[in-house]
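The values are calculated or read from the model by the stated rules, or taken from the named source; none is laboratory data. This one's a predicted model, so the numbers in the text were calculated from it and none came from an experiment. Here the Cβ is made from the backbone with ideal geometry for all residues, glycine too, and neighbour counts use every protein chain on show.
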């Protein structure tokens with residue numbers, strides 16, 4: 001009794017092997033490119049982390065200068081502000097290249113600096129700090145000279161005072177940095193999103209600090225911000241192209257579907273292959289995972305702009321680029337910002353996976369918690385992620401309020 | 001040179017438009033070429049618009065009027081045919097040239113206003129100049145002027161969302177005016193407004209047009225609006241031109257049943273004017289003659305009243321037979337004291353609708369007196385009633401128009417708007433209407 005077998009031999013398609021071969025080929029031929037990208041991302045994340053978690057006096061000063069400068073720019077005092085910044089940048093480059101400022105300082109009479117050195121207990125004058133202080137002074141002077149606006153004056157007066165208070169508290173009184181940076185973030189939330197969000201942020205950040213997760217949270221925040229900036233920078237142009245061209249849209253859509261449905265862990269394979277372990281593959285995997293909503297919502301936002309408005313632009317002879325910049329993008333901004341918001345949220349959800357490849361931060365805590373069965377560490381890491389998520393979500397959600405379209409809508413209501 | 005000239009324009013949407021054009025040029029209906037999987041929106045449309053004219057394109061939805069207007073400024077490229085603006089063939093222009101033409105020669109007003117919600121009213125009005133690269137101060141000054149023209153001073157800093165529909169469309173109009181182009185396209189500009197505001201806007205448009213002398217191409221689906229605004233009207237049906245002519249030509253001499261059906265419901269009293277229904281003033285009496293001669297004239301003509309007119313056609317007044325009869329019996333020699341000078345006088349351009357009140361109060365027929373104060377015709381009450389009857393089946397003669405007056409009321413239409421020659425395959429020429437004018441009103445007015 002011989003049974004005929006119905007087994008059909010299906011040829012094995014070497015999908016995985018091909019993919020692997022492709023990665024190897026890319027690595028072999030484009031290694032310098034990947035190295036360069038990896039280096040830039042790493043540098044950015046490092047810098048941001050230092051800014052948040054190991055803020056130097058120079059950075060504090062530059063932040064204060066940025067606040068005053070931003071207020072000046074918003075009120076359209078462009079020329080003096082940009083001149084001041086350009087002069088500062090010139091001196092900074094000269095200092096980096098040839099120690100110009102250091103030479104200048106050493107040629108000045110010592111008593112000018114000695115009191116400050118004694119106060120901060122430092123043994124030498126740090127030239128970039130001097131430059132930053134001069135920039136801040138210049139911007140404050142400009143604000144009082146050209147500004148007609150009382151709010152501008154208040155900002156220009158309060159910024160240096162806050163700066164001095166922070167510097168004194170940290171470098172002289174020895175208050176921990178986390179207790180100083182957190183209030184600054186709360187202040188930001190207060191201005192952008194109102195007092196409720198500020199109150200929540202204050203409580204949330206205190207919780208993070210008391211859980212001793214502040215440095216890890218800042219590390220994750222740096223990673224998320226870099227990933228977000230990269231994802232926005234990539235997804236915005238793609239979204240615009242897709243909105244303007246149906247063929248691009250038809251190609252992009254399935255690719256986005258693929259990116260969103262492929263399990264996030266799978267991204268890690270090529271990311272590790274190209275960038276080995278550490279922060280960079282975490283950022284890359286996060287970018288790929290978080291990008292699709294950015295593209296989709298940009299396309300949707302631009303396509304949703306009333307056709308008649310675009311036609312009106314055309315009817316008055318506006319070129320396409322102008323229609324994009326002055327009509328489509330401003331009106332699509334709310335939708336695009338919803339996309340940015342989604343990018344940030346998805347980045348946060350990738351933090352844990354990024355932690356698996358050694359990106360550090362809160363993800364690392366959660367991963368440790370899982371790997372070692374250490375519930376307290378894992379849970380605390382998770383809670384910190386949630387606090388960060390809510391803070392960033394409310395902040396980006398509120399930024400839309402400042403767009404001209406939103407302002408017009410409020411005026412009309 | 002016409003401001004805008006369309007020559008055998010076709011717009012076919014679909015894959016193989018060339019073949020469709022050939023078939024349609026042979027005279028097939030657009031439903032007959034459905035198998036080609038194309039949509040014929042505009043078929044063989046030709047017309048000329050003269051500078052300073054209000055040219056109305058009228059048709060129901062789906063008749064291709066919006067497609068047509070978008071071909072006039074190159075927003076849509078025609079499938080076949082040419083569009084000339086000031087003598088330039090815009091279908092041959094490259095993209096940049098087309099943009100320049102739009103920003104310098106043709107502006108547009110949209111059905112749903114198409115104002116930029118994120119810009120202030122002032123910035124909206126200044127948009128055309130902004131695109132052209134005019135400096136901020138200058139364009140804002142011009143935009144303010146344009147906003148003042150449409151009666152929106154003091155609203156410059158608002159955003160469109162804070163304005164009512166009518167005001168928003170005024171901003172739309174100001175945007176087109178500020179761009180300072182000679183030609184303005186208006187795509188169903190007033191259709192989204194409620195009736196009262198629509199009337200206001202129509203009046204304002206006529207007023208502005210009389211003042212600024214722009215060439216306006218106005219799209220509408222509302223026949224009353226077309227009749228009120230248009231120096232000439234082009235009726236579109238299924239993408240083809242059904243008739244081009246003045247409001248009165250279309251009303252009194254429809255080219256086909258479709259147009260006839262269309263105009264059936266028109267409020268004729270708003271379209272017809274005093275000059276188109278008035279009759280020759282017979283008899284008239286010279287003021288230098290005596291009462292006896294006047295009485296004889298009236299009895300000869302079997303009327304109970306007559307107008308007293310000087311040799312230079314200056315209207316003095318009117319006399320009644322019973323008054324004169326009594327005077328003759330009393331042997332009065334002078335006519336002067338018997339003349340009733342308190343008469344209802346109307347202008348030739350007054351719409352018939354506005355005549356009823358005066359006609360009811362006056363014991364005499366209405367006297368039609370032109371700008372130079374000359375007596376040009378009379379309107380007895382019975383003539384007014386006859387004017388209300390549609391042309392079909394009536395031969396009262398009173399309602400056949402003079403064929404020379406634009407229907408715009410209030411005398412705001414420019415006197416020089418010439419009726420352009422109709423296209424080769426177009427509707428009957430104005431002479432046709434004149435031929436049918438059997439009454440003596442036209443002669444009487446010359």
> For region B:225-314, which helices (runs of 4 or more DSSP H) that fit wholly inside it have 3 or more residues that are over 26 Å from residue B:370 (Cα atoms)?
Replying inline: B:257-263, B:291-301
> Could you say which residue among A:338, A:405, A:371, A:398 is within 14 Å of another protein chain (Cβ to nearest Cβ) and in a helix (DSSP H, G or I)?
Replying inline: A:405
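Does at least one position in region B:140-149 carry a residue that is in contact with a helix residue (DSSP H, G or I) (Cβ under 8 Å, 6 or more places away or on another chain) and within 12 Å of chain A (Cβ to nearest Cβ)?
At the first step, the residues of region B:140-149 found to be in contact with a helix residue (DSSP H, G or I) (Cβ under 8 Å, 6 or more places away or on another chain) are B:140, B:142-147, B:149.
The next check asks that each one be within 12 Å of chain A (Cβ to nearest Cβ); those that pass are none.
Within region B:140-149 (the criterion being in contact with a helix residue (DSSP H, G or I) (Cβ under 8 Å, 6 or more places away or on another chain) and within 12 Å of chain A (Cβ to nearest Cβ)), the answer is no, since none of the residues qualifies.
Does residue A:332 satisfy being assigned to a helix (DSSP H, G or I), crowded, with 22+ Cβ neighbours inside 10 Å, in contact with a strand residue (DSSP E or B) (Cβ under 9 Å, 6 or more places away or on another chain) and within 14 Å of another protein chain (Cβ to nearest Cβ)?
no
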> What number of residues within region B:349-361 satisfy the criterion of being modelled with pLDDT of 80 or more and touching a strand residue (DSSP E or B) at 6+ places or on another chain (Cβ under 9 Å)?
Replying inline: 7
> Got a sec? Which of A:63, A:41 is assigned to a helix (DSSP H, G or I), more than 30 Å from residue A:155 (Cα to Cα) and either in contact (Cβ under 8 Å) with a residue 40 or more places away in the chain or in contact with a strand residue (DSSP E or B) (Cβ under 7 Å, 6 or more places away or on another chain) (or both)?
Replying inline: A:41
> Within region A:227-239, can one find any residue that is at pLDDT below 95 and more than 30 Å from residue A:320 (Cβ to Cβ)?
Replying inline: yes
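Look at residue A:37 and say whether it is closer than 23 Å to residue A:233 by Cβ and surrounded by fewer than 16 Cβ atoms within 10 Å (Cβ to Cβ). Working first, answer last.
Working: closer than 23 Å to residue A:233 by Cβ: yes; surrounded by fewer than 16 Cβ atoms within 10 Å (Cβ to Cβ): no.
The answer is no for residue A:37.
Would you mind finding the one in A:101, A:83 that is closer than 30 Å to residue A:49 by Cα, surrounded by 15 or more Cβ atoms within 10 Å (Cβ to Cβ) and over 21 Å from the mean Cα position of the chain (by Cα)?
Working: A:83 fails: surrounded by 15 or more Cβ atoms within 10 Å (Cβ to Cβ).
The match here is A:101.
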>> Given (1) surrounded by fewer than 22 Cβ atoms within 10 Å (Cβ to Cβ); (2) under 21 Å from residue B:56 (Cβ atoms); (3) modelled with pLDDT under 50, identify the lone condition not met by residue B:413.
In response: (1)
>> Looking at region A:100-122 only, could you name the residues that are assigned to a loop (DSSP other than H, G, I, E, B) and either modelled with pLDDT of 80 or more or under 17 Å from residue A:137 (Cβ atoms) (or both)?
In response: A:108
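From the set of residues in region B:150-163 that are more than 9 Å from every other protein chain (Cβ to nearest Cβ) and in contact (Cβ under 8 Å) with a residue 24 or more places away in the chain, which is nearest to the chain's Cα centre (by Cα)?
The first filter runs over region B:150-163 and keeps only residues more than 9 Å from every other protein chain (Cβ to nearest Cβ), leaving B:150-157.
Remaining after also requiring in contact (Cβ under 8 Å) with a residue 24 or more places away in the chain: B:150-152, B:155-157.
Values: B:150: 20, B:151: 23, B:152: 26, B:155: 31, B:156: 32, B:157: 35 Å.
Only one residue tops the list, namely B:150.
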>> Between A:32, A:11, A:80, which is outside the structural domain of residue A:220 (by TED's automatic domain parsing) and in a loop (DSSP other than H, G, I, E, B)?
In response: A:11
>> For region B:165-187: of the residues being farther than 23 Å from residue B:86 by Cα and either modelled with pLDDT under 90 or within 9 Å of another protein chain (Cβ to nearest Cβ) (or both), which is surrounded by the most Cβ atoms within 10 Å (Cβ to Cβ)?
In response: B:172
> Can you find a residue in region A:374-390 that is surrounded by fewer than 20 Cβ atoms within 10 Å (Cβ to Cβ), closer than 23 Å to residue A:236 by Cβ and within 14 Å of chain B (Cβ to nearest Cβ)?
Replying inline: no
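How about region B:2-27: which of its residues are assigned to a loop (DSSP other than H, G, I, E, B), at negative phi and within 32 Å of the chain's Cα centre (by Cα)? Lay out the reasoning, then the answer.
To start, the set of residues in region B:2-27 that are assigned to a loop (DSSP other than H, G, I, E, B) comprises B:2-3, B:15-16, B:26-27.
Adding the requirement that they be at negative phi leaves B:2-3, B:15-16, B:26.
Correct list: B:2, B:3.
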>> Can you list the helices (runs of 4 or more DSSP H) lying wholly within region A:275-328 that have 3 or more residues being more than 12 Å from every other protein chain (Cβ to nearest Cβ), under 24 Å from the mean Cα position of the chain (by Cα) and more than 18 Å from residue A:348 (Cβ to Cβ)?
In response: A:279-304
>> When you scan region A:242-255, do you find a residue that is within 14 Å of another protein chain (Cβ to nearest Cβ) and either within 27 Å of residue B:107 (Cβ to Cβ) or crowded, with 21+ Cβ neighbours inside 10 Å (or both), even just one?
In response: no
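With the requirement that a residue be farther than 16 Å from residue B:370 by Cα and assigned to a strand (DSSP E or B), what does region B:315-334 give you?
Those that are farther than 16 Å from residue B:370 by Cα and assigned to a strand (DSSP E or B): B:318, B:319, B:320.
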